[in-house]
Amino acid sequence: MHGVVIPATFNDRAAADQELGGLVDQIRAMPGFVAGYWLATSHDKGTALVLFENEPSAQELVGIVHGMPHGSVTAGVVEVGEVLAHAQR
């Protein structure tokens, strides 16, 4: 399993909140999708962690993020990493 970490700056938080549902649906439909978490770490900053079954699927999301226009959200440096362990209840 591989995760994609996407730091983000909210240029327009209200618009970003409205767009989030559509973005989540688009990513959920991607091949290999396992889970996704979108966090607001402050009013103007956030981080997404999206998990995929394999690295090629994770890299596909990186390409999508790099192709997105800078609108209500600007993505920072996107990283892909292998999941070494996980826990859930």
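None of the figures in this text is laboratory data; all of them are computed from the coordinates on show. Keep in mind the model is a prediction, meaning the values are calculated, not measured. Note that each Cβ is placed from the backbone with ideal geometry, even for glycine, and that neighbours are counted across all protein chains shown.
Report, ordered by the first and then the second residue, all pairs with beta carbons closer than 9 Å, sequence separation of six or more or different chains, a first member in region 64-89 that is on the phi < 0 side of the Ramachandran plot, and a second member that is of a type in the set (A, V, I, L, M, F, W, C) and part of a loop (DSSP other than H, G, I, E, B).
What qualifies is Ile64/Met30; Val65/Val78; His66/Val78; Ala75/Met68; Glu82/Met1; Val83/Met1; His86/Met1.
Go through region 6-35 and give me each residue that's over 19 Å from Gly67 (Cα atoms) and of a type in the set (S, T, N, Q).
Within region 6-35, just Gln18 meets the criteria.
Going through region 21-50 one residue at a time, which ones are surrounded by 13 or more Cβ atoms within 10 Å (Cβ to Cβ), assigned to a loop (DSSP other than H, G, I, E, B), at negative phi and not charged (D, E, K, R)?
The initial filter retains those residues of region 21-50 that are surrounded by 13 or more Cβ atoms within 10 Å (Cβ to Cβ), namely 23-24, 27, 30, 32-36, 38, 40, 44-50.
From the residues that got through so far, the ones that are assigned to a loop (DSSP other than H, G, I, E, B) too are 30, 32, 44.
Now restrict to residues that are at negative phi: 30, 44.
Answer for region 21-50, where residues must be surrounded by 13 or more Cβ atoms within 10 Å (Cβ to Cβ), assigned to a loop (DSSP other than H, G, I, E, B), at negative phi and not charged (D, E, K, R): just Met30.
If you scan region 51-89, which residues turn out to be in a strand (DSSP E or B), aliphatic (A, V, I, L, M) and within 21 Å of Pro31 (Cα to Cα)?
In the first step, residues of region 51-89 are kept if they are in a strand (DSSP E or B); the result is 51-52, 73-75, 79-82.
From what is left, the residues that are aliphatic (A, V, I, L, M) are 51, 73, 75, 80.
Answer for region 51-89, where residues must be in a strand (DSSP E or B), aliphatic (A, V, I, L, M) and within 21 Å of Pro31 (Cα to Cα): Leu51, Val80.
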